[in-house]
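Heads up, the thing below is written out as structure tokens.
The values are calculated or read from the model by the stated rules, or taken from the named source; none is laboratory data. In this text, all values refer to a predicted model and were calculated from it rather than measured experimentally. Backbone-built Cβ (ideal geometry, glycine too); neighbour counts: all protein chains shown. These area figures cover heavy atoms from the full protein model, side chains too; ligands, DNA and RNA do not enter into them. Shrake-Rupley method; radii C 1.70, N 1.55, O 1.52, S 1.80 Å.
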Protein chains: 2
Amino acid sequence: MNKEEFRKKVMNALERRFFCIPSFKIYGGVAGLYDYGPPGTNVKSNVLALWRRHFVLEENMMEVDCPCITPEVVLQASGHVDKFTDLMVKDEKTGTYHRADHLLKDFCMEKLKDQSLSVEKVQEFKHVVAMFDDFSPEQLGSKIKEYGIVAPITKNPLSDPYPFNLMFQTSIGPSGMIPGYMGPETAQGIFVNFKDLYYCNGSKLPFAAAQIGQAFRNEISPRQGLLRVREFTLAEIEHFLYPEDKSHPKFRKVADLEFLMFPREEQNGVKDAIKLPLGDANKRNLYLFLTRLGINKERLRFRQHLENEMAHYAADCWNAEIECSHGWMECVGIADRSAYDLRAHSEKSGTPLVAHEKFSEPKEVEKLVITPVRKELGLAFKGDQKKIVEALEAMDEKEAMEVKAALELKGDVEFQVCTLGKAVTIKSSMVSISKEIKKEHQRVFTPSVIEPSFGIGRIIYCFFEHSFYTRPSKAGNEVEQLNVFRFPPIVAPFKCTVFPLEQNPGQKAVAEQISESLTAAGISNIMDTTGASIGKRYARTDELGVPFAITVDTAPTVTIRERDSKKQVRVEVRKVVRVMQDLTNGVRTWEDIQSKYPSHPSISTADKFLEQKQRRFTTIFGVYTSIIIMGIFVTYWI
Amino acid sequence: MNKEEFRKKVMNALERRFFCIPSFKIYGGVAGLYDYGPPGTNVKSNVLALWRRHFVLEENMMEVDCPCITPEVVLQASGHVDKFTDLMVKDEKTGTYHRADHLLKDFCMEKLKDQSLSVEKVQEFKHVVAMFDDFSPEQLGSKIKEYGIVAPITKNPLSDPYPFNLMFQTSIGPSGMIPGYMGPETAQGIFVNFKDLYYCNGSKLPFAAAQIGQAFRNEISPRQGLLRVREFTLAEIEHFLYPEDKSHPKFRKVADLEFLMFPREEQNGVKDAIKLPLGDANKRNLYLFLTRLGINKERLRFRQHLENEMAHYAADCWNAEIECSHGWMECVGIADRSAYDLRAHSEKSGTPLVAHEKFSEPKEVEKLVITPVRKELGLAFKGDQKKIVEALEAMDEKEAMEVKAALELKGDVEFQVCTLGKAVTIKSSMVSISKEIKKEHQRVFTPSVIEPSFGIGRIIYCFFEHSFYTRPSKAGNEVEQLNVFRFPPIVAPFKCTVFPLEQNPGQKAVAEQISESLTAAGISNIMDTTGASIGKRYARTDELGVPFAITVDTAPTVTIRERDSKKQVRVEVRKVVRVMQDLTNGVRTWEDIQSKYPSHPSISTADKFLEQKQRRFTTIFGVYTSIIIMGIFVTYWI
């Protein structure tokens, strides 16, 4: 099965079982918008609950919950109004839009399929594919021209690439006068609250704040189904740190576990990711979260962003990428946002977003002291005095030292006052400039920020792919392939099903009673009382990724069947809830349960047929021949 | 303490402890947008988790998760583009906007404070306050003119009231050509998915779907703090039912519990809510949810909407209203949306959103059968034949019976064909019209919808007010009033605190170990290792509504103190996690714990002083006098 076939199978199962479907389907859908149906919603809330427990609770983070609607001023400060853009080209005849970088990439990928390509050309196209994120609008435009790339389908000529802002715009209030946007990330809500968060943490660093929320990005031409969408759930963490010590508070717990790492300098299109020790607690915790979910660790790597690939706020960025049928997908970005956002909001809002560090003992610091002599300046410059004083006080160290040197050498200096639009002559009697040693008891600084940002929808999609497999099943004389999602119990949409084996009132009553007790204990479950064969009912529930099936047959015991091994154990009815509780909250594994309770032979359709034959023969030849007969029959059957 | 003072105290505690604050505060805030800080976010996610468990899990609902961005066509069909409006008046000089109904209500409320008002006037203003929601734009406008109401603060004249659409508008995609809105409710996402949900439920009614999500309403002039905001979390349920049987599946479990009920005909401004049996499982379940949260049941009532007060889609509506310092607030709306939405989306999308009911035995139904005779019509009308056939087939029962009667009487009839723009003469040979008895095996119909819609933010705010109280504390010789939130453990932002009694490494290590075990068990907790007195530390945590405080003193036991009773028990360290688990997931009450573990005397600052004095005296006079001494001292102290 190739990648496309595999993806089609997964998508088919996901849509048919209502994990997710295109939004507003009855109206023809809207590109880039998807709904989660009931099992998908359950998986999503389980993933978010696990995320909260794994990060927020475990690391004692401060979680906040801020609105999506964001006034323009906030996103001006953060740089999103100016810089949160993608390059777009327009089909010059139909007026439809395309992402310039995607067209270029598609073109090269198509070319690379050509076996007769020269080695140089292969190298060139590979290089472009690896580096296109790194191209300026002009470079992209000239590559598109050079390769003669035209619009897909229509084959019309394309415009030059130009930036398109990806934010959804709206206006706040009845006047239409307050411009606003739907937040493209949840992080800004945390940054603007820094002051209160810092206070709430006892005015101490380091600490982390977190937020789960919707993010909105008006993609030019969404593709890749659930992976590139226009509205999605982000779970973001902002670690606020000392700029000179960005280590994670739990750094000491970092083992030298090895991961697939793909640093910037290796990404020239030829080399591959390499195994390296992690050396970073953030990455490690994230790795543990993803593998606990059920992401295949061999298909998880950390890739460093190329210089020009990084968001405008990032000083460095590593992605956790998960391999799926679409290739390696960025699912978690770990950006070093340095002091970018806090500084930007401090400046724009006038509220200092800073931290204080009290020194254990005062430190001696050399400080520049500029003291304008107001009386002299007033006599010489009258009404201009105030602006000159301000200009003198605003000198940086270099300029002040030059003025000082000039005054000491010549006694006066020509001094440019921008606010006056002219230069004035300053004499040495008019200002004193010196460097003094001062004792300081604390320092005031802007904290650095490390941000792990989780694209929940992408993680869930990759998780769906990694969990999916098919297995053969004999139905009559046909062999059909049944779909299974091997979701771990903690994120499975339903923890178990409850089946009465036969359509009889006694079994149904016991099943109902078990289902009610499970619900009361907070364990989601499905009752299937249809007359379908037990094999069909197992198959239905396997395709939903339900890990355990409880079948009511001969009370006071029931069988519990595990989805992937198809193994069964026999458990007393009164112990079912406790067993399911232990299995779903991770207190006990299936192996623990198997070793504790008697196993029950698994009965598939084929097995059942065999069993019936066996029984009939047993009746004829008597019990003592049954083993021999079984041997004959198995041989015959195979 | 009057209502305003009380509200101020609550809001002060909420902002100071960072439960919630105005969003984008460093930029001066945006009216109608609030952030939840860390404890507020915890309360909110606990409330949502409880909601999921109480409704979705317990009643086996199908939860979905749809985007906020909604294309215009969906909201045109639902009626929101035309009808989701409030009446607005404009300050004719400054151009600021106000809600017309609010200005009228405020004016009347102000007038009603006047003790010298005649009985007739009192009646009139009370009537207006009770009925203003029921006024048309013209009625509102003429009342505003009649009373000479002007703009608040500026006292400028006001424009006539006119409708303002409350949805936030945006556009989807790079062309700006797909208009969209931020959904004003989550319900539409459920309605457009009806077909898949119905299929997913085995094509059976009744069933319920649910969704938790953000809703957006561009309020004209948001007031009442957290109660009227522009973005908020809704938790909505849509029960899809047989139109002739709207009873809840769990109707049988409804007891004749009595609630405050306020039916439409009682709301003339004079009468009050009355105690009535509930008789509705939806209301009962909702009541149980709200009281389980901690809402005071004496301050909860169900009020029926007045005719014109209802949303455009509602056939009937009852609100669960909670009384807070702002008056009775709508927190949950239970609307009978009948078949409104499903019909509207069926028509607009062309996808039938219907249910099928198979009859246990076929039913005989009288059916109109119209059979145009194409040959005759073709001969007579040539090219017009097709349109005439369509027009004949489209006749409703009344029209068809008239045509039939005329044909039987006269042999021909003048028949108007709109699509031709003229009448034609139809002879009895050209069409046969009859009523036939047909056997039908099923019926196809549009299900009815009952919607309980929960305003989570409003519920949380009322819950904050109902949970808040102050109690006196002796600090030195002063008595101060300390704030307490009496949150039940299940929704409290943190389940417990862990304090080492003294600043010593041994106690701190035990405290850390307890905190880590609690975290591992998923129990949120706060460590407070500051040197503040134990009384101060209790006070801090009481104000956050933390129900239990674990104080490490003389290991191997610790004390656990309950917030409201201030009573303490002594528990072995190794049992702490289990006790906390039982207390927070509702397996055991505090009373159970008190009866199981030895009590520990509560030590307040005053008590401690007393105890020290007592100890000193005991040393002097010997143990046997201590009881007498205590008596003397208590007298002296009081």
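Observations
- Residue pairs whose Cβ atoms lie under 7 Å apart, separated by 6 or more positions or on different chains, with the first residue in the stretch A:401-419 and of a type in the set (Gly, Ala, Ser) and the second open to solvent by less than 60 Å² (accessible area, probe 1.4 Å), are A:406/A:413.
- Any hit, the stretch A:288-297, residues being open to solvent by 30 Å² or more (accessible area, probe 1.4 Å) and of a type in the set (Val, Ile, Thr): yes
- Residue among A:152, A:179, A:161 that alone is away from chain B (no Cβ under 14 Å) and touching a residue at least 40 places away in the same chain (Cβ under 8 Å): A:152
- The lone exception for residue B:113 - which of (1) closer than 25 Å to residue B:312 by Cα; (2) more than 13 Å from chain A (Cβ to nearest Cβ) it fails: (1)
- Failed criterion for residue B:45 (all others in (1) within 11 Å of another protein chain (Cβ to nearest Cβ); (2) among the polar types (S, T, N, Q); (3) more than 22 Å from residue A:47 (Cβ to Cβ); (4) open to solvent by less than 30 Å² (accessible area, probe 1.4 Å) hold): (3)
- The set of residues in the stretch B:370-400 that are touching a residue at least 24 places away in the same chain (Cβ under 8 Å), under 14 Å from residue B:430 (Cα atoms) and exposed (fewer than 15 other Cβ atoms within 10 Å of the Cβ) comprises B:371, B:390.
- Take the conditions (1) open to solvent by 30 Å² or more (accessible area, probe 1.4 Å); (2) modelled with pLDDT of 95 or more; (3) within 13 Å of chain A (Cβ to nearest Cβ); residue B:60 misses just one of them, which is (2).
- The residue that is most open to solvent (accessible area, probe 1.4 Å), among those in the stretch B:348-363 that are of a type in the set (Gly, Ala, Ser) and away from chain A (no Cβ under 14 Å), is B:360.
- Selection of the stretch B:474-520 for residues being open to solvent by 30 Å² or more (accessible area, probe 1.4 Å), touching a strand residue (DSSP E or B) at 6+ places or on another chain (Cβ under 7 Å) and under 30 Å from residue B:2 (Cβ atoms) yields B:479, B:480, B:481, B:482, B:486.
- Residue in the stretch B:499-518 that is part of a strand (DSSP E or B), within 30 Å of residue B:546 (Cβ to Cβ) and not assigned by TED's automatic domain parsing to the domain that holds residue B:43 present: yes
- Failed condition for residue B:153, given (1) part of a loop (DSSP other than H, G, I, E, B); (2) modelled with pLDDT of 90 or more: (2)
- Selection status of residue B:99, in the same structural domain as residue B:197 (by TED's automatic domain parsing), touching a residue at least 60 places away in the same chain (Cβ under 8 Å) and under 30 Å from residue B:340 (Cβ atoms): no
Results for (1) out of contact with any helix residue (DSSP H, G or I) (no Cβ under 9 Å at 6 or more places or on another chain); (2) closer than 26 Å to residue A:19 by Cα, shown as yes or no for each residue.
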position	(1), (2)
B:55	no, yes
B:65	no, yes
B:70	no, yes
B:73	no, yes
B:76	no, no
B:82	no, no
B:90	yes, no
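- Failed criterion for residue A:345 (all others in (1) away from every other protein chain (no Cβ under 14 Å); (2) open to solvent by less than 90 Å² (accessible area, probe 1.4 Å); (3) of a type outside the set (Lys, Arg) hold): (1)
For every residue, the table says whether it meets (1) polar (S, T, N, Q); (2) open to solvent by less than 10 Å² (accessible area, probe 1.4 Å); (3) out of contact with any Phe, Trp or Tyr (no Cβ under 7 Å at 6 or more places or on another chain); (4) within 16 Å of residue B:185 (Cβ to Cβ).
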site: B:299; (1), (2), (3), (4): no, no, yes, no
site: B:304; (1), (2), (3), (4): yes, no, no, no
site: B:309; (1), (2), (3), (4): no, no, yes, no
site: B:323; (1), (2), (3), (4): no, no, yes, no
site: B:329; (1), (2), (3), (4): no, no, yes, no
site: B:341; (1), (2), (3), (4): no, yes, no, yes
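- Each residue in the stretch B:66-91 was checked for being open to solvent by 30 Å² or more (accessible area, probe 1.4 Å) and within 19 Å of the chain's Cα centre (by Cα), and 1 pass.
- Qualifying residue in the stretch A:130-147 (condition: in a strand (DSSP E or B), out of contact with any Leu (no Cβ under 8 Å at 6 or more places or on another chain) and buried (at least 17 other Cβ atoms within 10 Å of the Cβ)): no
- Residue that is of a type in the set (A, V, I, L, M, F, W, C), at pLDDT 95 or above and at negative phi, where the choices are A:112, A:75: A:75
- All conditions in (1) farther than 18 Å from residue A:159 by Cα; (2) aliphatic (A, V, I, L, M); (3) within 14 Å of chain B (Cβ to nearest Cβ) hold for residue A:122, with the sole exception of (3).
- Selection count, the stretch A:521-547, where residues are of a type outside the set (A, V, I, L, M), more than 10 Å from every other protein chain (Cβ to nearest Cβ), open to solvent by 10 Å² or more (accessible area, probe 1.4 Å) and not in a helix (DSSP H, G or I): 3
- Among residues of the stretch A:182-205, those that are surrounded by fewer than 18 Cβ atoms within 10 Å (Cβ to Cβ), more than 9 Å from chain B (Cβ to nearest Cβ) and in a helix (DSSP H, G or I), counted: 0
- Selection of the stretch A:184-224 for residues being under 16 Å from the mean Cα position of the chain (by Cα), of a type outside the set (Phe, Trp, Tyr) and closer than 25 Å to residue B:179 by Cβ yields A:184, A:185, A:213, A:214, A:215, A:217.
- Every residue from the stretch A:10-63 that is closer than 29 Å to residue B:50 by Cα and basic (Lys, Arg): A:17, A:44, A:52, A:53
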